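Student: I'd like to ask some things about the structure below.
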Amino acid sequence: MPISLSDLRTCVLDMDGVIWTMDDPVPGAAEAIARLKALGLSVSYLTNNSSKTRMDYVRKLSGFGIEAAEGDVMTSAYATSLLLAKEGAAGARAYVIGEQGLRDELGAVGIEIITNADEPDVSLVVVGWDRHFTYDKLAAAHGYIVRGGARFIATNRDATYPDAGGRTLPGGGSIVAAVATCAGVEPKTIGKPEPHALLLLLEQEGLRLDQCLVIGDRLDTDIALGRRWGAPAAMVLTGISTLEEIEATPSDLRPDMVAKDLPALVATLEA
Ligand SMILES: [Mg+2]
């Protein structure tokens, strides 16, 4: 479906592969974002990375010349915390496989973080990206789910994470898969392509999915998010997915628009 600027009220941007790759800026990205704002669109940022806090991203964006407020940033860790809080999880005890960003966000909504195996009354196992993942952590999560009946929540299921030089590293989804395999249970997943984090962002602004342009570099998360749930989706070629992969994707999951980078995407929208 062609995207018309006049139908849009907001843009939700993935960051890694769109605004930067690792620590290198995409040339012209900051100016392109300023142009979107000048056109009257609000801009927010949505990442599946659960390892950092929203303020970490505000600082990183600022370092690339992009001013954002904490409320403009949604991470899978924050979305997980908000959804659990909405469901009344404040005061619950959660065994967490994840990094500081996830622990901080869960703690901020009153969830008690458990770090040892075999503690009593653990009702949640929350799993995200954890670069210090071990067999002992897997065994603890397994015990809480299988013996303790804890609910299994995944921040996201990205199989890989971009690394320098176009290489990839194992992503949070590979750790989630390990827990799912031994526990014999599939998790409730919060991050892209599931709709929860995007819906929380739109709820803040009182906007509908069809008023929101999702911009990302990855077919299986960013583009699938838009196409599955009814938001226009635009893909840039500065990140993970390629033109060849678009051709191999079923037509109902292909991006509505493709551009070589964010500045080219904004120029095409304006044309
Ligand atoms: Mg990305």
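Student: Among (1) within 16 Å of the ligand (Cβ to nearest atom); (2) within 21 Å of Gly148 (Cβ to Cβ), which single condition is Cys182 missing?
Tutor: For Cys182, the failing item is (1).
Student: Scan the range 4-23 for residues that are more than 11 Å from Thr238 (Cβ to Cβ), in contact (Cβ under 8 Å) with a residue 60 or more places away in the chain, part of a loop (DSSP other than H, G, I, E, B) and within 16 Å of the ligand (Cβ to nearest atom) and report the count.
Tutor: Step one: list which residues in the range 4-23 are more than 11 Å from Thr238 (Cβ to Cβ), which gives 4-13, 15, 22-23.
The next check asks that each one be in contact (Cβ under 8 Å) with a residue 60 or more places away in the chain; those that pass are 5, 7-13, 22.
Pick out the ones that are also part of a loop (DSSP other than H, G, I, E, B) and you get 8-9, 22.
Cutting the leftovers down to within 16 Å of the ligand (Cβ to nearest atom) gives us 22.
Residues meeting the conditions: 1.
Student: Of all the residues that make up the range 19-33, how many are of a type in the set (A, V, I, L, M) and touching a Phe, Trp or Tyr at 6+ places or on another chain (Cβ under 9 Å)?
Tutor: Just the residues of the range 19-33 that are of a type in the set (A, V, I, L, M), to begin with: 19, 22, 26, 29-30, 32-33.
Add one more test, that the residue is touching a Phe, Trp or Tyr at 6+ places or on another chain (Cβ under 9 Å), and what stays is 19, 26, 29-30.
Total satisfying the criteria: 4.
Student: Separate question: Residue by residue through the range 24-51, note down the ones that are free of Cβ contacts under 8 Å to residues at least 60 places away in the same chain and either in a strand (DSSP E or B) or within 14 Å of the ligand (Cβ to nearest atom) (or both).
Tutor: Residues satisfying the conditions are Asp24, Pro25, Val43, Tyr45, Thr47.
Student: Could you tell me whether Ile190 is under 25 Å from Val266 (Cβ atoms), touching a residue at least 24 places away in the same chain (Cβ under 8 Å) and buried (at least 23 other Cβ atoms within 10 Å of the Cβ)?
Tutor: Working: under 25 Å from Val266 (Cβ atoms): no; touching a residue at least 24 places away in the same chain (Cβ under 8 Å): yes; buried (at least 23 other Cβ atoms within 10 Å of the Cβ): yes.
No; evaluated as a whole, the condition is false for this residue.
For every residue, the table says whether it meets (1) under 21 Å from Leu201 (Cα atoms); (2) in contact with a His (Cβ under 9 Å, 6 or more places away or on another chain); (3) polar (S, T, N, Q).
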| position | (1), (2), (3) |
| --- | --- |
| Ile66 | yes, no, no |
| Leu84 | yes, no, no |
| Ala89 | yes, no, no |
| Ala92 | no, no, no |
| Trp129 | no, no, no |
| Thr134 | no, no, yes |
| Ile153 | yes, no, no |
| Thr160 | no, no, yes |
| Thr168 | no, no, yes |
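A short reminder: the numbers here are calculations on the coordinates, not readings from a lab. Keep in mind that this is a model prediction, so the values were computed, not measured. Using ideal geometry, Cβ is built from the backbone for each residue, glycine included, and neighbour counts are taken over all protein chains shown.
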